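Report on one structure; see the data block that follows.
The values are calculated or read from the model by the stated rules, or taken from the named source; none is laboratory data. Keep in mind that this is a model prediction, so the values were computed, not measured. Cβ: placed from backbone, ideal geometry, glycine included. Neighbour counts: every protein chain shown. These area figures cover heavy atoms from the full protein model, side chains too; ligands, DNA and RNA do not enter into them. Shrake-Rupley method; radii C 1.70, N 1.55, O 1.52, S 1.80 Å.
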Amino acid sequence: MNYRHAYHAGNHADVLKHAVLARLIEHMKKKDKPFRVIDAHAGIGLYDLGGVEAGKTGEWEGGVTKLAEPFSAEIEALLAPYRAVIAAINPDGALRYYPGSPELSLRLMRANDRLIANELHPQDAIALEQQYLHDPRCDVISMDAETCLKAKLPPAERRGVILVDPPYEVKTEPERTVRMLEQGVRRFAQGVFVVWYPMKADATAETVLAGAKDIGLPGTLKVEMRVREAFSGGGLAGSGLIILNSPWKLDEELKLLVPALAARLGLGSWGQADVSWLNRPT
Ligand SMILES: C[S@@+](CC[C@H](N)C(=O)[O-])C[C@H]1O[C@@H](n2cnc3c(N)ncnc32)[C@H](O)[C@@H]1O
């Protein structure tokens, strides 16, 4: 396992993933009944943008840094929960820390909602454990994501968000991601599954999208943001999320939010967004 998210925290893909995750959690909170977030690839939770790893790539400068200027009032209303978390962890106003998905979930969840944060990398799992040792709402575990989902689905609350955010380091990871989704949906058909995928000059996105569509759940939403041209060896040109059992009207919000993010984060005229149904809701 070579991938460490500390090198990439706050980049354009994190901005998309976390702004959408924040909206999703806001939707879950519309009902009083508690829910559970299962973060199958959690990372370390909180990232120091002044740290050695982030400093080596500077990726956040093409991501969260570009959000400094406000958007229109309509977009700011949609971004508010994400911005609130960033503000809470940077109380003096300067951007130093960036929230990973567990931090974002915990800061937006209520007292009786729960998080299972799973991380396989031994060092990152220890960092994650230390970060949330004192939060009784959070259970940190360290196992392979596929095993984690088999063990933890369905959640006792019967309401939940499952984040599948693999690093795609291994060639077979797109197929494995689809398999995780299929198995997850079999165990917890009403769960809101969120799957991240990279947009590069390869077939990863295509494989994950086709597999997710074939699962056939109504209400399967594709959310993509491209920031530059994809070419061989050119790395991450954008990223996407697939949301299974997408909450009612989340699509309408994202059809406003994601084009605004793409216009801001995209290089030149490359910023493009696509929010569309893989399978329409019934
Ligand atoms: C993209 S990062 C996660 C970022 C995090 N979800 C966030 O948004 O802040 C992917 C993480 O998955 C971990 N990982 C890689 N393979 C895994 C596996 N098979 N099971 C669980 N975690 C894995 C990596 O160590 C890495 O921390």
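Which one is most open to solvent (accessible area, probe 1.4 Å), of the residues in the stretch 25-48 that are over 20 Å from Ala88 (Cβ atoms) and within 12 Å of the ligand (Cβ to nearest atom)? Spell out the reasoning first.
Taking the stretch 25-48 first, the residues over 20 Å from Ala88 (Cβ atoms) are 27, 30-36, 38, 40-41.
This time we only want the ones that are within 12 Å of the ligand (Cβ to nearest atom), so: 38, 40-41.
Numbers: Ile38: 2, Ala40: 3, His41: 35 Å².
Once the filter is applied, the top-ranked residue is His41.
Name the single residue that is surrounded by the fewest Cβ atoms within 10 Å (Cβ to Cβ) among those in the stretch 167-203 being of a type in the set (S, T, N, Q) and not in a helix (DSSP H, G or I).
For the stretch 167-203, the residue satisfying everything is Thr172.
Considering only residues that are β-branched (Val, Ile, Thr) and surrounded by 17 or more Cβ atoms within 10 Å (Cβ to Cβ), which ones fall in the stretch 61-71? Let's see the steps before the verdict.
Narrowing the stretch 61-71 to residues β-branched (Val, Ile, Thr): 64-65.
Selection gives Val64 alone.
Let me confirm something: among Gly51, Gly58, Gly10, which residue is open to solvent by less than 50 Å² (accessible area, probe 1.4 Å), within 22 Å of Gly266 (Cβ to Cβ) and either of a type in the set (Lys, Arg) or more than 11 Å from the ligand (Cβ to nearest atom) (or both)?
Gly58
Select, from Val223, Val227, Val192, the only residue that is touching a Pro at 6+ places or on another chain (Cβ under 8 Å) and not small (Gly, Ala, Ser). I'd like the intermediate steps shown before the answer.
On the way: Val223 fails: touching a Pro at 6+ places or on another chain (Cβ under 8 Å); Val227 fails: touching a Pro at 6+ places or on another chain (Cβ under 8 Å).
Matching residue, one of Val223, Val227, Val192: Val192.
Name the single residue that is nearest to the ligand (Cβ to nearest atom) among those in the stretch 72-125 being among the basic types (Lys, Arg) and farther than 30 Å from Met1 by Cα.
Result: Arg83.
Every residue in the stretch 215-241 that is closer than 15 Å to Ala189 by Cα and in a strand (DSSP E or B), please.
Answer for the stretch 215-241, where residues must be closer than 15 Å to Ala189 by Cα and in a strand (DSSP E or B): just Thr220.
Go through the stretch 111-151 and count every residue that is among the basic types (Lys, Arg) and within 19 Å of the chain's Cα centre (by Cα).
1
Filter the stretch 194-225 down to residues that are away from the ligand (no atom under 16 Å from the Cβ) and among the polar types (S, T, N, Q) and give me whichever is farthest from Pro174 (Cα to Cα).
Thr220
Go through the stretch 113-136 and report how many residues are assigned to a loop (DSSP other than H, G, I, E, B) and either open to solvent by 80 Å² or more (accessible area, probe 1.4 Å) or among the aliphatic types (A, V, I, L, M) (or both).
4
Could you grab me the full set of residues in the stretch 103-112 that are open to solvent by 20 Å² or more (accessible area, probe 1.4 Å) and either in contact with a Gly (Cβ under 7 Å, 6 or more places away or on another chain) or part of a helix (DSSP H, G or I) (or both)?
Arg107
Given the structure, is Leu267 under 21 Å from Glu173 (Cα atoms), of a type outside the set (Gly, Ala, Ser) and out of contact with any Leu (no Cβ under 8 Å at 6 or more places or on another chain)?
no
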